[in-house]
1. For a quick check of your reading: which strands (runs of 3 or more DSSP E) sit entirely within the stretch A:283-395 and have at least 3 residues that are among the hydrophobic types (A, V, I, L, M, F, W, C) and surrounded by 18 or more Cβ atoms within 10 Å (Cβ to Cβ)?
2. Is it the case, given these coordinates, that A:Leu138 is under 30 Å from A:Ile188 (Cα atoms) and in contact with a Pro (Cβ under 9 Å, 6 or more places away or on another chain)?
3. Scan the stretch A:206-226 for residues that are without any contact (Cβ under 8 Å) to a residue 60 or more places away in the chain and closer than 30 Å to A:Arg119 by Cα and jot them down.
4. Among the residues of the stretch A:33-66, count how many are part of a strand (DSSP E or B), more than 10 Å from chain B (Cβ to nearest Cβ) and of a type in the set (Phe, Trp, Tyr).
5. Which count do you get for residues in the stretch A:212-243 that are touching a helix residue (DSSP H, G or I) at 6+ places or on another chain (Cβ under 9 Å) and either surrounded by fewer than 17 Cβ atoms within 10 Å (Cβ to Cβ) or farther than 20 Å from A:Phe298 by Cα (or both)?
6. Could you check how many residues of the stretch A:295-310 are under 26 Å from B:Arg58 (Cβ atoms) and not aromatic (Phe, Trp, Tyr)?
7. Does A:Arg287 satisfy the criteria of being closer than 30 Å to A:Pro336 by Cα and charged (D, E, K, R)?
8. In the stretch A:175-193, what count of residues is obtained for those that are facing chain B (nearest Cβ under 7 Å) and either among the acidic types (Asp, Glu) or not in a strand (DSSP E or B) (or both)?
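Values in this text are rule-based calculations from the coordinates and carry no lab data. These figures come from a predicted structure and were not determined experimentally. Note that each Cβ is placed from the backbone with ideal geometry, even for glycine, and that neighbours are counted across all protein chains shown.
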Amino acid sequence: MKVAAVQRILGRVAAVVTLLLIRATCADVLPDDRADLFYSKYSGGGMDITGDSVAVNKKFTENIAAQLNYFVDHVSGASIDVLSQASQIRDERIQKSAALEFVHDKTTYTASYTSSIERDYRSHTASIALKQDMFGDLTTLSLAFANTVDKVGENNGTAFVPVIDWLGHAQSRSYDIDWSQILTKNLIAGVNFNVITDNGYLANPYRAVRFLRAPPNLAAGYQLGSQMYPDTRTSTAIQGEAKYFLPYRAAVTGSFRYFRDTWSIVGKTFELDYTHPIKNIWILEGRFRYYTQNHADFYSDLFDYAGQYRFEARDQDLAAQENYTIGAKATYAFLPNGWKIFKRATVTFDASRITFHYLDFRNIKYYGLPQYQPGTEPLYQFNATVYQVYMSIFF
Amino acid sequence: MPAFRPLAVAGLVLMTAACSNLQPWVKPYERDKLADPIMGWDRDAISAQYLDHIRETREASRGATGSAGGGCGCN
């Protein structure tokens, strides 16, 4: 679908929605004031990433609230692509965001700004959103628009003495329409629709294509070369989800997302979640997620020769893959009667295990062993663990 | 435009519904279970955004998850 057509359709839907917003009868409310301290650790595929975050959500009046979030990622190690090119990385990403919420009747307006800075990557996002409760508060409709400008660079120095070459800019526009619907006393469902258009420098500078050194002679080995990406991409995603309150006090959630883009990638995501509280002290949660995608139309693990096609990529994110996630979360509520200005607090521990299987991306670390020629190495796979610990204080 | 017709029909139906006296079929006093914290879509927004960020840097799919992230996660 062309970008102009998508924008035209979204514009017309927005006009219809604007007419619907006239039916406001009583006021919506902003969420409670809260502060969150967050720690995370990701290990997998040769990389370790730790993240620290602090977030504050504060109401100034019954109608106006602000949110601030500061997030720092520390990255060390290197993925399979970087290892194959014999360089390690050590980097830090600092993400700052601020949002302002305003409630009028049944409508919540939000404006936000996020910056994400790495030494070789800079991203700035401005967004606006509107949320409307209607039909006796059985329906919540949300619209959002975000504009992101990225500056993409490559570190051609070392991990400790970086030399950044700036390669280009990319712009991304995201359009969201989310519909949440109470269906029965026990069942709520939602549909989320998103379109993203990108243009500019969209490649990952740390990936390389490989091609045969002397085709069709596999024994002569391979060489690495630069990727060539299209400079535009449009993606569409739609997700349906439902949450059901079981006959005892517990909830089960199921969702399915369908994704496709103009690079011929189709992705499907299935998620199942079970939430079980114990009195009002613990909330336990278990979840399973399955994801699958085919490869981009310009992706190949091994090209025949340099410049075989106009666009060429060997980025593992664009390869065919499937992955499974099993996760568990436990939330403990303390200070049930409050303390000084604090009304209550919770601490949460969350652990996930993700198993990635690539279906046409090979592990070139095996290349060089006598039994493997280019294109016959074992397919790449790895496991990742994600831990999160966070404390939320409500005041 | 043929592709726009279903949206136009849906819009007209919704507009008609919005102009009628549509009564909520789940009354406010029947929503105690729906108001339980375990029925919230995202109890922890920062955690959800973090997991989305991890996925979006390793998968081609993106969007329609109800939360947003940032950064490239190139390496």
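1. A:344-362, A:379-394
2. Yes: the conditions hold for A:Leu138.
3. A:Ser226
4. Selection size over the stretch A:33-66: 1.
5. 3
6. So the answer is 6.
7. Spelling it out, A:Arg287 is indeed closer than 30 Å to A:Pro336 by Cα and charged (D, E, K, R).
8. Qualifying residue count for the region: 4.
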